[in-house]
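The values are calculated or read from the model by the stated rules, or taken from the named source; none is laboratory data. Computed from a predicted structure; not experimentally measured. Ideal geometry is used to build each Cβ from the backbone, glycine not excepted, and the neighbour counts take in all protein chains shown.
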């Protein structure tokens, strides 16, 4: 980690924070990712700004907010919150003290980045890395084909840690060559979660108004009968297979399988299967972005719906197919 020869005067500290705020606001106006805003701060402010402080400033957080967010992460893990005071955070950010490895791990989780990006350790990634590699793209298909489906099913078959699927789904999850694979993995102890759009919610109807008619299973009753009931029956037999319904619009599907995320993009006037499919590897900011979407769904499914989601009527609920039956 970089160290400074002399302490920076308080007035200069305030000036650094002011300039960092200007860079942050300019980055937000330009639509830049937090990581890029951090890089801009470090380039502009040189050795006077440490990476750890740059990440806090790029997020627009005070030290009290950082402490509270760290406490929340600990509590989510079932651990006592550390209650790190502002003075300790200040010493870490100015290179006067080094956090413990545990604290570094939690700081990485808080800022969704790696230790070397916070100033701890060495970045071992190649020096000349293209933008596709930085994005973590390891595979891509122009649209759904037999090859892309084989890739997905193969990844599901080989999953060892987790399978999380989020999207419009149509009949894919209940297909005779797919549903047994989900059941197999759940029986083997791999957690399988499927997040499916509620066939009766307004978002689904609106989504299908902008797709070609042949792309949609427009009859919700048929969808419940042919897709949700088979899924519900399989989930009843396998504790680790869980099905959820959500009620909000989406413009992509996410398939998190172990340490990769496959993402399919949806467009207007096109079937979902005509959209590009991109696979992102763990360790990239793109992968972290889409995994964070899945973690958000999981929190909502557990009833953790802080504002503004509760007030907006966002819901992710366990599938209860019998509760849907009156509408059949």
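Values for this structure:
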item: Some residue of the range 30-47 being within 19 Å of residue 86 (Cβ to Cβ) and assigned to a helix (DSSP H, G or I); result: no
item: Every pair of residues 6+ apart whose Cβ atoms lie under 6 Å, when the first sits in the range 68-81 and is assigned by TED's automatic domain parsing to the domain that holds residue 56 while the second is outside any loop (DSSP other than H, G, I, E, B) and surrounded by fewer than 12 Cβ atoms within 10 Å (Cβ to Cβ); result: 81/75
item: Some residue of the range 9-26 being outside any helix (DSSP H, G or I), surrounded by 14 or more Cβ atoms within 10 Å (Cβ to Cβ) and touching a helix residue (DSSP H, G or I) at 6+ places or on another chain (Cβ under 9 Å); result: no
item: Which listed residue is surrounded by fewer than 17 Cβ atoms within 10 Å (Cβ to Cβ), in the same structural domain as residue 278 (by TED's automatic domain parsing) and at pLDDT 90 or above, from 214, 239; result: 239
item: Test: residue in the range 269-278 that is in the same structural domain as residue 159 (by TED's automatic domain parsing), out of contact with any helix residue (DSSP H, G or I) (no Cβ under 6 Å at 6 or more places or on another chain) and assigned to a strand (DSSP E or B); result: yes
item: Residue 229 vs. criteria touching a helix residue (DSSP H, G or I) at 6+ places or on another chain (Cβ under 9 Å), in a helix (DSSP H, G or I) and either loosely packed, with under 15 Cβ neighbours inside 10 Å or at pLDDT 90 or above (or both); result: yes
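For every residue, the table says whether it meets (1) out of contact with any strand residue (DSSP E or B) (no Cβ under 9 Å at 6 or more places or on another chain); (2) within 19 Å of residue 284 (Cβ to Cβ); (3) not in a loop (DSSP other than H, G, I, E, B).
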| site | (1), (2), (3) |
| --- | --- |
| 140 | no, yes, yes |
| 144 | no, no, no |
| 150 | yes, no, yes |
| 156 | no, no, yes |
| 175 | yes, no, no |
